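K.L.:
Below you will find the structure I want to go over with you.
Coordinate-derived values only; no laboratory data. Note that the coordinates shown come from a computational prediction; the quantities given were computed from them, not determined experimentally. A quick note on method: Cβ atoms are made from the backbone with ideal geometry, for glycine too, and the neighbour counts reach across all protein chains shown.
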Amino acid sequence: MAQPILKTIPLSELRISKLNMRHSRKKPDVSDILPSIRESGIRQTLLVRKEGDHYGVVAGRRRYFALKEIEKESGETPDVPCAIMTEEDAASAIAASVIENVGRLPASEMEQYTAFKRLHDERRSVDEIAAFFGVTELLVRRVLALASLSEPIRKLYAEDEIDRETIRALTLATDDQQAEWLRLYESEEERAPRGRNCKAWITGGAIITTDKALFDIADYDGQITADLFGEHGVFAAPDAFWKAQSAAVAQRVEAYIADGWKDVVCLERGAFFHRWDHQTRTKKQGGKVYVELRHDGTVAFHEGYISQAEARRQEKAKAGKDDVPAAPVKPEMSGPLAEYILLHRHGAAQASLAAQPAIALRLTVAHAMTGSALWQVRAHECRTRKEDTRTSLEASKAVAELEERRTRIASLYKALGVNGEARRNSDAYRLCEIFAALLAMSDAEVMEVLAFTMAEMLEAGGPVVEAVLHVCETDLPAYWKPDSAFFDLLRDKRAINAMVADIGSKSLAESCASDTAKVQKQIIGNRIMGHGCEPHPDWRPAWMQTPPARLVEGAGSPPADAWARIAGLFEGREDTGAPIAETFNQPDAA
């Protein structure tokens with residue numbers, strides 16, 4: 001950036017520049033810097049650039065609004081010390097705005113996307129942007145891919161109407177596909193695909209990544225779509241992929257036969273190779289190679305197996321019961337006929353299941369515990385950057401209760417001779433094993449298993465947690481109380497002072513407002529323990545109440561923001577006469 005010119009400019013000649021990454025945001029809270037500016041004025045110049053008949057503020061937006069407040073109070077227009085950039089240096093102006101804002105508060109993703117795109121539009125290359133901000137070139141490409149989506153889609157994401165997985169999938173879409181997706185989204189009769197289904201919709205019904213190919217990608221004539229958010233590209237046309245993949249599999253089969261293997265058996269695409277239904281045999285003992293083809297393009301070669309039936313025939317022949325080994329029995333139906341039969345059986349099973357809710361409930365629980373080719377589920381994993389947070393959570397009452405439930409569920413399965421541990425590996429035999437055990441349980445026991453399984457899969461953060469806490473009428477103070485990890489992480493003086501006012505009084509908060517955060521946190525701790533005052537052991541901050549509330553007006557608060565988004569769906573339902581939790585205590589499984 002060229003050396004800026006220092007100049008004092010009347011506030012009336014200043015506006016927020018459109019290059020400022022928070023240009024469209026609502027007026028910020030400036031209560032924390034207003035007293036200092038009233039007393040001492042602006043200590044740091046505003047970064048501005050000439051824009052028409054006024055100057056645009058590139059960096060210093062909060063200082064600008066603080067000065068506007070002082071102008072209202074005094075009725076006088078103050079002069080503002082400014083550093084004036086050249087009008088041509090738009091890229092540096094955008095970069096300065098990003099740096100200033102990210103240093104103060106994390107920008108929203110869409111603000112970052114827009115800022116990076118503006119830099120790119122100003123002819124900054126990908127490697128220049130990456131070097132300037134100290135990030136990888138891949139990250140810059142990802143940002144630019146998201147920023148290049150159509151405006152309506154980016155707006156939906158900015159308003160939390162589209163989840164992250166869906167918008168990342170949409171970066172693979174052409175302009176026409178984006179327009180079609182928006183049409184489906186706005187349709188009252190049709191539904192736009194989301195998440196993984198969205199990527200499958202864009203790629204033609206299957207997501208096959210380039211790492212699955214047995215053939216040389218350099219010789220592939222079909223189209224490959226670059227997936228910036230995955231480690232590998234995606235084959236745009238599944239049929240073209242399978243044509244090339246099948247040719248590669250055929251070459252491998254010929255190589256196995258030439259190498260002396262008795263036979264190579266290619267399973268139907270999507271069929272699983274079950275080791276438990278086979279026995280191992282070496283090449284010399286007549287072992288075969290089984291080829292397993294998954295719908296996601298994965299090909300697995302299982303060397304040295306024979307079926308259980310063939311193993312039994314060999315054992316009988318070895319014992320002398322059969323003079324001549326039995327010839328392999330030819331399958332009684334061809335592949336297409338088998339597909340026909342299996343699909344008709346599947347249709348009959350679907351219709352039957354739809355009419356049997358109690359059985360469907362048990363099968364749903366089994367799917368949630370094991371997964372399947374159509375179910376992609378996983379349990380929540382505690383991921384935190386702070387070891388103190390993990391330690392605090394592990395010592396909590398909630399975790400202890402979950403472990404008790406886990407032991408209880410395990411005992412239900414153990415009584416039936418089944419390992420009840422949830423292993424989401426999509427194994428059909430394991431799925432049926434769990435399903436059979438659930439059929440032997442009572443409705444009440446199945447509901448216990450269901451509740452625990454759903455609890456394990458509950459995503460952390462966001463509106464769903466707030467909805468569960470509200471509907472279950474959870475007594476949060478019974479599960480959590482302020483601990484050392486909480487106070488160590490508590491840094492915002494505005495929030496801390498609001499807590500002092502809540503546990504003490506407004507006058508107490510005002511009297512210690514200028515004290516350090518450490519001193520004010522000590523006051524809160526003393527009030528909880530009752531040092532020099534009445535103890536408040538049941539006090540909890542507004543963040544840990546049901547529903548949650550923000551402590552600083554207008555400030556971002558994840559739990560409060562999550563509840564605000566869905567409160568209208570649940571508020572007012574308590575007026576029906578019975579508590580919410582009691583209404584759903586005993587659902588009818590049938």
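K.L.:
Suppose the Debye formula is applied to equal point scatterers at every Cα of the stretch 247-335; what is log10 I(q)/I(0) at q = 0.12, 0.13, 0.23 Å⁻¹?
P.N.:
-0.42, -0.48, -1.27
K.L.:
Quick one: if you stick a label point 7 Å off each Cα along the C-beta vector at E448 and K518, how many nm between them?
P.N.:
Each label point is offset 7 Å from its Cα along the Cβ direction, giving 5.1 nm.
K.L.:
Next question, about the same structure. Give the average over all directions of the projected area of the C-alpha convex hull of the stretch 350-460, one decimal, in nm². Provide the component values of the computation, followed by the final result.
P.N.:
Working: hull surface 31.6 nm².
The orientation-averaged projected area of the Cα hull of the stretch 350-460 comes to 7.9 nm².
K.L.:
Report the GluC sites (Glu not before Pro) located in the stretch 454-493 that are in a DSSP loop and have at most 11 other Cβ atoms inside 10 Å of their Cβ, or state none.
P.N.:
In loop regions of the stretch 454-493 (DSSP not H, G, I, E or B), the sparsely surrounded GluC sites (Glu not before Pro) are E459.
K.L.:
Among the lysines, which have Cα under 25 Å from the Cα of K27 when same-chain residues fewer than 8 positions away are ignored?
P.N.:
K18, K50, K68, K72, K117, K155, K493
K.L.:
Once label points are set 7 Å from the Cα along Cα→Cβ at both A248 and K68, what is their separation, rounded to one decimal in nm?
P.N.:
With each label placed 7 Å out from Cα toward Cβ, I get 5.9 nm.
K.L.:
Counting other Cβ atoms within 10 Å of each Cβ, which chymotrypsin sites (Phe, Trp or Tyr not before Pro) in the stretch 397-450 have at most 12 and sit in a DSSP loop?
P.N.:
On the way: sites: Y413, Y429, F435; in loops: none.
Passing both the DSSP loop test and the Cβ count: no residue.
K.L.:
List I528, I167 from most exposed to least, where exposure is judged by having the fewest other Cβ atoms within 10 Å. Spell out each step's value before the answer.
P.N.:
Details: I528 18, I167 22.
Listing I528, I167 from fewest to most nearby Cβ atoms yields I528, I167.
K.L.:
How do Y290, Y185 rank when sorted from fewest to most other Cβ atoms within 10 Å of their own Cβ?
P.N.:
Y185, Y290
K.L.:
What spacing in nm lies between the two simple spin-label points modelled at K155 and V471, each 7 Å away from Cα in the Cβ direction?
P.N.:
3.2 nm
K.L.:
Based on alpha-carbon positions alone, could you give the equivalent ellipsoid semi-axes of the stretch 383-513 from the gyration tensor, as √(5λ), descending, whole Å?
P.N.:
Equivalent ellipsoid semi-axes, largest first: 42, 15, 13 Å.
K.L.:
Let me ask another. May I ask what percent, to the nearest 5, of DSSP beta bridges between residues of the stretch 247-335 are antiparallel?
P.N.:
In the stretch 247-335, approximately 75 percent of DSSP beta bridges are antiparallel ones.
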